[in-house]
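Okay, so here's the structure we're looking at.
Laboratory data are not the source of any read-out in this text; all were calculated from the coordinates shown. Fair warning: this is a prediction, and the values are worked out from it, not measured in the lab. Note that each Cβ is placed from the backbone with ideal geometry, even for glycine, and that neighbours are counted across all protein chains shown.
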Amino acid sequence: MKYFLINNTNRKTYNEVYASHLNLVDTVEEADAIIVIGGDGSLLHAIAKYQELDKPFIGVHGGTRGYLMNNVETPEQFINCVNNVEYEILWMLEADITTTKSTTKVYAFNDIWVNRASPQTLRMEISIDGVIQPAMIIGDGMLFCTPQGSTGYNMALRGKIISPGVPVLQMTPISCVVNKTPLGSVILADNCVVSVDFLQTDKRPGYLYFDGIQYDSEVVKNMTVRKSDRTIKIGLIEQYSVRNKVTAWLFNT
C-alpha cells in the first residue's frame, strides 16, 4: 500500500519514522491513501484539496482536537495498527451559491454556513423542496451539517449530535429568531433540498464558510443545500471509529 503523508505538526521527525516503516510516495496521485497528521482542521483542509482524487484519508491525531482522527499516542502505535484500519464511507454536502458577483458550487464534509459580515442581522427566507416557508428568519446566519459534522460548530450552536449513518440533514440557525421566538436546529430527511434567500444584502451582507474555510469575500444572495452524491472514505482503527466517538459524546464519556 502506498501512502502520501501530510504532516501539519511541528514534529518533523514523524516524517522519518513513517518513511522508515511505510511505503511513502512523493506525489498524491501515486498514493493509495492519504495520511494526515494534525487535527480535524488539517484533515478537513486535505479533504477540500484532494477530494476529487477519490482516495481514502487516514487521520492521525497531532493537533488540538481529533474527533475525525486516530487518537494514537505515538507514530509507532499507529504504524502497528495501520493494516487494521477500517474505512467508513461518509457523504458530503453540496451547495449551489449565488453571490452578488458570481455563482458557484461548493462541497463540504462537515458543515457549510453563511454568517453576517456587518453589525446588521441577516434576514432569511427558507424553502424546503420548493415549498416557501412563510416566516422570515432574522439572525446572524444559517448552518447546515452532515451527521459527522454535528459535533463541530453545530454543537457550539446547540445543534443536535447525530450519529453517522442516520439519514438526516441538519439545519442550525446562528442566533436566529422567528416572530421574536428563538429558533432551534431543524432535523430534515437527507433527501431534502433547502434553499435560503438572503434579503436586503446591500445593507445586510453575509459571507460563506465551509469546513472552516471562508469563500471569497462575496456577499451571498442564495444558498441551496442538499446531500451530495460525493462521498469520502475515512480510515479509522475500530476503537477510534466515528460512531464510537459519537456515542462517547452523547454520554459524555
Quickly work out the W249-to-K180 label distance, labels modelled 7 Å from Cα along the C-beta direction, and quote it in nm with one decimal. 3.5 nm
In 5 Å bins starting at zero, report the fraction of Cα pairs in the chain per bin as a rounded %. 1, 6, 13, 17, 17, 14, 11, 9, 6, 3, 2, 0, 0
If the chain between K101 and K12 were fully stretched, how many nm would it gain, using 0.36 nm times the residue separation less the Cα-Cα distance? 27.8 nm
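For K203 and S228, compute 0.36 nm times the residue count separating them, minus their Cα-Cα distance, and round to one decimal in nm.
On the way: separation 25, 0.36 × 25 = 9.00 nm, distance 3.21 nm.
Stretched fully, the K203-S228 segment lengthens by 5.8 nm.
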Could you let me know the centre-to-centre spacing of segment 112-147 and segment 1-42, using Cα atoms, in angstrom? 39 Å
Calculate the spin-label point distance for D190 paired with Q77, positioning each point 7 Å from the Cα along the beta-carbon direction, and give it in nanometres. 3.1 nm
Members of K55/K227; K55/K221; K160/K245 lying beyond 25 Å, as alpha-carbon distances in this model show: K55/K221
In degrees, nearest 10, range 0 to 90: what is the angle between the Cα axis of helix 40-50 and the longest Cα principal axis of the chain? 90 degrees
Filtered hits (aspartates and glutamates, Cα-Cα < 17 Å from K180, offset >= 8 within chain) -> E125, D140
Using only DSSP helix segments of four residues or longer, with each worth -39500 (n - 2.57), what per-residue ellipticity at 222 nm results for the chain after dividing by its residue count and rounding to 500? -4000 deg cm²/dmol
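What Kirkwood hydrodynamic radius do you get for segment 2-84 when you take the inverse of the mean 1/r over all pairs of distinct Cα atoms, in Å? Display every interim value, and only then the final one.
Values: mean 1/r = 0.0790 Å⁻¹.
One decimal place: 12.7 Å for the Kirkwood radius.
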